[in-house]
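First comes the structure, then the notes that go with it.
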Amino acid sequence: MLFLVRHGQSEANAAGLVIGRTDSPLTELGQRQAAALGDALASRGTAACRILTSPLQRAERTAEAIAAAYSRAFGPGAVPPPETDARFVEFDYGELDETPISGFPRGFWEQWRSDPSWRPPGGETLGEVRVRVTAACEELSAEAARRDVIVVTHLSPVRAGVVWALGAGPELSWRLSLGVASITRISTAGPFGRQLAGFNETAHLALAGLM
């Protein structure tokens, strides 16, 4: 199974900012969400997994919390340390990074949704995110058919992974709502090829009172 996991709440998330490559740390709540996320994944009952992470610290700290949960469940060294894969870094908002969500002009989001090739100044397009995430998912697909592969990443790469799983276009990403510290599952085994097995799962947060 391929798990695409969004990191816990960051300081920028809590402040209502659009956040891309800025290296915003986890909040205290985000750290507790990461721990609950790790416990939920480790409770699956198998230590046969590999953990990958975006190079941004909000993802790295979440990945470390997941690895720690596996160590508690299965013993020290049960899983290898998280590996960095830059293809799962967040969308590059360029000059728009750290802009308050409420600070965009009227009609901005509608205009962007109508043109997936639009590039923020100094940033990247949704199509470029799709290319790098698709390449990474294709590379991991065979391994994920044999054992769990956990990727700790961000909003846009998870959406791109779902687009890959469904064979859809990048415009679908605008219709996918995704919470922090959520789990999305993609099955790559079986006769039907890749399938979206679960999306935006957050029951572990609700049980821990961390929504």
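The values are calculated or read from the model by the stated rules, or taken from the named source; none is laboratory data. Predicted model, so just to flag it, every value in this text is computed and none were measured. Cβ: placed from backbone, ideal geometry, glycine included. Neighbour counts: every protein chain shown.
Filtering the range 78-98 to residues that are at negative phi, in a helix (DSSP H, G or I) and within 20 Å of the chain's Cα centre (by Cα) leaves ALA86, ARG87, PHE88. For the range 134-155, a residue qualifies if it is buried (at least 17 other Cβ atoms within 10 Å of the Cβ) and outside any helix (DSSP H, G or I), and the qualifying residues are ASP148, VAL149, ILE150, VAL151, VAL152, THR153, HIS154.
Considering the conditions (1) crowded, with 21+ Cβ neighbours inside 10 Å; (2) modelled with pLDDT of 95 or more; (3) within 19 Å of GLY179 (Cα to Cα), ILE19 is excluded by exactly one of them, (2).
Among (1) surrounded by fewer than 22 Cβ atoms within 10 Å (Cβ to Cβ); (2) at pLDDT 95 or above; (3) within 27 Å of ARG147 (Cβ to Cβ); (4) out of contact with any strand residue (DSSP E or B) (no Cβ under 7 Å at 6 or more places or on another chain), where does GLU11 come up short? The failed condition is (3).
Residues in the range 169-189 that are without any contact (Cβ under 8 Å) to a residue 40 or more places away in the chain and out of contact with any helix residue (DSSP H, G or I) (no Cβ under 8 Å at 6 or more places or on another chain): ARG175, SER177. Going by the conditions given, is VAL131 surrounded by fewer than 16 Cβ atoms within 10 Å (Cβ to Cβ), of a type in the set (A, V, I, L, M, F, W, C), more than 21 Å from LEU17 (Cα to Cα) and out of contact with any His (no Cβ under 9 Å at 6 or more places or on another chain)? So VAL131 fits the description; yes. Residues that are under 15 Å from ALA144 (Cα atoms) and touching a helix residue (DSSP H, G or I) at 6+ places or on another chain (Cβ under 7 Å) within the range 157-168 comprise GLY161, TRP164, listed in sequence order. Taking the range 22-77 as the range and being in a loop (DSSP other than H, G, I, E, B) and buried (at least 19 other Cβ atoms within 10 Å of the Cβ) as the test, the residues that pass are SER24, THR27, SER54, LEU56. When restricted to residues that are under 25 Å from GLU124 (Cβ atoms), touching a Leu at 6+ places or on another chain (Cβ under 8 Å) and either modelled with pLDDT under 95 or hydrophobic (A, V, I, L, M, F, W, C) (or both), the range 64-97 contains 3.
Each residue in the range 156-211 was checked for being in contact with a strand residue (DSSP E or B) (Cβ under 7 Å, 6 or more places away or on another chain), crowded, with 20+ Cβ neighbours inside 10 Å and not in a helix (DSSP H, G or I), and 8 of them qualify. Candidates are the residues of the range 78-110 that are among the hydrophobic types (A, V, I, L, M, F, W, C) and over 30 Å from ASP39 (Cβ atoms); the one that is surrounded by the most Cβ atoms within 10 Å (Cβ to Cβ) is LEU96. Would you check which residues across the range 47-57 are closer than 13 Å to GLU90 by Cβ and in contact (Cβ under 8 Å) with a residue 60 or more places away in the chain and list them? If the condition is that a residue be closer than 13 Å to GLU90 by Cβ and in contact (Cβ under 8 Å) with a residue 60 or more places away in the chain, then THR53, SER54, LEU56 are the ones that fit. Only a single item in (1) in a helix (DSSP H, G or I); (2) touching an Asp or Glu at 6+ places or on another chain (Cβ under 9 Å) is not met by PRO120, and it is number (1).
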